[in-house]
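Just so it is clear, none of the values below were taken in a lab; they were calculated from the coordinates. Quantities reported herein were computed from a predicted structural model and do not represent experimental measurements. Cβ placement follows ideal geometry from the backbone for every residue including glycine, while neighbour counts extend to all protein chains displayed.
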Amino acid sequence: MNTVNELDLLQDVAVLTEQIMNIESVSGNEQEIADQVHQALLKLEHLQVHRDQDAIVARTNFGRERRVVLAGHLDTVPLPRTQGAKGTVPAQVIDGVLYGRGATDMKGGVAVQLALAAELTDAKYDVTYVFYDHEEVEAAKSGLGRLAKNSPELLEADFAILLEPTNGTVEGGCNGTSRFVIRTRGKAAHSGRAWMGHNAIHDAAPILQRLSDYEPQTITVEGLDYREGMNAVRINGGIAGNVIPDYCEVEINYRFAPDKTLAEAQALVFELFDGFEIERTDGAEGAKPGLDQVIAADLIKILGQEPKPKYGWTDVSRFSALGVSAVNFGPGDALLAHSDDEHVAQDDIRTCLNSLRAWLS
């Protein structure tokens, strides 16, 4: 277990970020950080606090006409394996830049949530703060998914912000994602008598050719241009260096624009690989931009920047499925997430806090 002082939610938000980064919370090991967040929120009398395993929901009840959600995950991907990497735990501060695992994805965003939860005892909207576990692993383990299943009423709102890193710009909605396995089957034989068998790996060549020939689309949805992508991400076949392989699998990842449902995306992939044995192994719906509300327009006006699309999949999709329009907005560069030198400028965290404070006040 890490030895971390009790969280001070009213300190400089950049220092708070460093403090929670020093609590190692790789997916599956979120209990300590969840305990710390839970205890800190319980001290705030203006919040009603609910806990579901390592997910915590804290809600104001000011009696406002509208409610917004600020959400973020507590877990990180595993620590870097590279010796001397900066993106690890504990954090380091170098020339105003905070290095360490979770700096961008997404403990800076979580610190902003916590700071606002402590500060805003009288806000323009009622606010629900959601902190959850198991975002960086398979969807079946998601703490947000568990909350949506066990206590969907706690997530009801007019608008939601997921504080994923966006370089301080609103990124609307998200692409959907899906994974497929395409299989070829042959006949095993000794490689010295290859003519006695049939090579399943060779049969996978047309699959790769169809992928190479496929031209991903850029699709405009509610004014934002979403770039799609379809790629082989894994190939597996063969059992030994002297055996003709009788089996091969090619795994495909298709990232699709939010103009399509998951079912429509599957139909496209099945059509492209017609004639092959294919199975969808995973998938998640995308989310439309969610920028068609006055609440969203007010935030964009404060930021003074044009919104962008979110190319990757995020949990805004889960809010969209609950009927809550949602966007991504948080400190840090998403391209640095999961990297060996993951980092965020301390001032970027402070700027994010100031923007959301202005929006909510």
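Points to keep in mind about this one:
- Ignoring aspartates and glutamates fewer than eight residues from K43 along the same chain, the ones with Cα atoms less than 14 angstrom from its Cα are E6, D8, D35, E119.
- Ranked packing of 283-293, 133-143, most packed first, by mean Cβ within 10 Å: 283-293, 133-143
- For K260, the lysines whose Cα falls under 28 Å of its own Cα, not counting residues fewer than eight places away in the same chain, are K141, K149, K288, K308, K310.
- Distance between the stretch 110-185 and the stretch 49-108 - C-alpha centres, whole angstrom: 12 Å
- Distance cut-off 35 Å, percentage of C-alpha pairs in the chain lying past it: 31 percent
- Cross-link partners of K301 among aspartates and glutamates (Cα-Cα below 16 Å; sequence separation of 8 or more within a chain): E171, D292
- Amide H contacts of L98 (H built 1.01 Å from N, in plane; Pro and chain starts excluded): V344, A345, Q346 sit under 5 Å, all sequence-distant by 5 or more or on other chains.
- Relative packing of 145-153, 34-42, 251-259, which averages over residues the other C-beta atoms within 10 Å, highest first: 251-259, 34-42, 145-153
- Paired Rg and Dmax values of the stretch 176-284, which use every Cα atom, in angstrom: 16.6, 59
- The relative contact order of the chain comes to 23 percent, based on Cα pairs under 8 Å that sit 6 or more residues apart.
- Positive dipole terminus of the stretch 204-361, leading residue within L211, M230, F329 (C-beta point charges): F329
- Surrounding net charge for L154, when Lys and Arg each add one and Asp and Glu each subtract one, Cβ distance under 14 Å: +2
- For L335, the shell of other residues with beta-carbons less than 12 Å away shows a net charge of -4, using +1 for Lys and Arg and -1 for Asp and Glu.
- Of G197, G176, T261, farthest towards positive along the dipole that unit charges on Lys, Arg, Asp, Glu beta carbons give the stretch 176-284: G197
- The charge dipole of the stretch 176-284, taken about its Cα centre with unit charges on the Cβ atoms of Lys, Arg (+1), Asp and Glu (-1) only, comes to about 540 debye.
- Calculated log₁₀ intensity ratio I(q)/I(0) where the Debye formula runs over C-alpha points of the stretch 259-361, q = 0.19 Å⁻¹: -1.08
- Value at 222 nm in deg cm²/dmol, rounded to 500, when DSSP H runs of n ≥ 4 in the chain each add -39,500 (n - 2.57): -7500 deg cm²/dmol
- Mean separation of Cα pairs under 8 Å and 6 or more residues apart, divided by the residue count, gives the stretch 207-271 a relative contact order of 28 percent.
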